[in-house]
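Comments concern the structure below.
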Amino acid sequence: MSSPQSSSGRFADLLTQPGLRERVELRSRFGLMAFHGGALEKATDVVGAEVAERTGSSYYEVWHPEVEPEVEKVPHLPSTEVDPAQSGALTTFMAHVETVVTLHGYGREDRRWSILLGGRNRSLAAHVAARFREDLPGYDVVDDLEAIPRGLRGQHPRNPVNLAAGGGLQIELPPTIRWNWEERGWSDWADVGRALDTEALIDSLVWAIHTWR
């Protein structure tokens, strides 16, 4: 693994925050990441952890605790500052995997039903997109980079999704697929059960990884 390194030490500082948890599980050379998990981009860690377990993939997670909104916001670092040089766990993970999928959550009023597939491994993006379109017909699956907002394309060389030798796929999930509409809460968050759309997403990504290559 070789990559330009972040000039900031903010990721190392973030990892010292009370309640924040870093997790790494090494399995196959295919990996999944959810480094904005927990209270930050809710349910992304739920999807990443289960897909990794069911496919025998390696997994890296940063779980962010809930904070009192009147005191502060949950700290959100851009992906370009999630630097392996500042985390032994992430260094170990990136040295082990050859191809990665990162799970992110995003929210834009004009794209409430759009799943965006960025990252530099475009053949993997096309493969996953084809399965998503079959399994998730209520969503607009976008794998044309020109149709994805520039800040959500996952093309920066310091983005961890692009550090593995085989490149990776960045999946941006809208709130609609992470929200349990019946229980009015985030899927699998706190006492809320899993939403049907979240379950369908997990099943679809599991199939896509099993059939990759």
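Throughout, read-outs are computed from the coordinates displayed, never taken from laboratory work. Please read these numbers as outputs of a predicted model, since none were measured by experiment. Cβ: placed from backbone, ideal geometry, glycine included. Neighbour counts: every protein chain shown.
Each residue of the range 153-158 is assigned a 3J(HN,Hα), and the resulting list reads 7, x, 9, 5, x, 8 Hz, derived from the Karplus form 6.51 cos²θ - 1.76 cosθ + 1.60 (θ = phi - 60°), x at Gly and Pro. Across the chain, C-alpha contacts under 8 Å between residues 6 or more apart give a mean separation that, scaled by the residue count, equals a relative contact order of 24 percent.
Ranking request for peptides 110-120, 190-200, 41-51: highest mean number of other beta-carbon atoms within 10 Å first, then the rest in descending order.
41-51, 110-120, 190-200
Past the 32 angstrom mark, what percentage of all C-alpha to C-alpha distances in the chain do you count? That tail contains 10 percent of the Cα-Cα pairs.
How would you order 80-92, 168-180, 129-141 from highest to lowest mean count of nearby Cβ atoms within 10 Å?
Details: 80-92: 18.0, 168-180: 23.1, 129-141: 16.0.
Peptide ranking by packing, descending: 168-180, 80-92, 129-141.
Share of antiparallel DSSP beta bridges in the chain, in percent to the nearest 5? Bridges in the chain that DSSP calls antiparallel: roughly 35 percent. Neighbour counts of C-beta atoms inside 10 Å place 189, 207 in the sequence 207, 189, starting with the fewest. Against the empirical curve 2.2 N^0.38 Å, the C-alpha radius of gyration of the range 120-198 lands at a ratio of 1.27.
Dipole of the range 10-210, Cα-centred, from +1 at each Lys and Arg C-beta and -1 at each Asp and Glu C-beta, to the nearest 20 debye?
With Lys and Arg at +1 and Asp and Glu at -1, about 660 debye.
Sequence-ordered 3J(HN,Hα) estimates for the range 201-213 from the Karplus curve with 6.51, -1.76 and 1.60 and θ = phi - 60° stand at 4, 4, 4, 5, 5, 4, 4, 4, 5, 4, 9, 5, 6 Hz, glycine and proline given as x.
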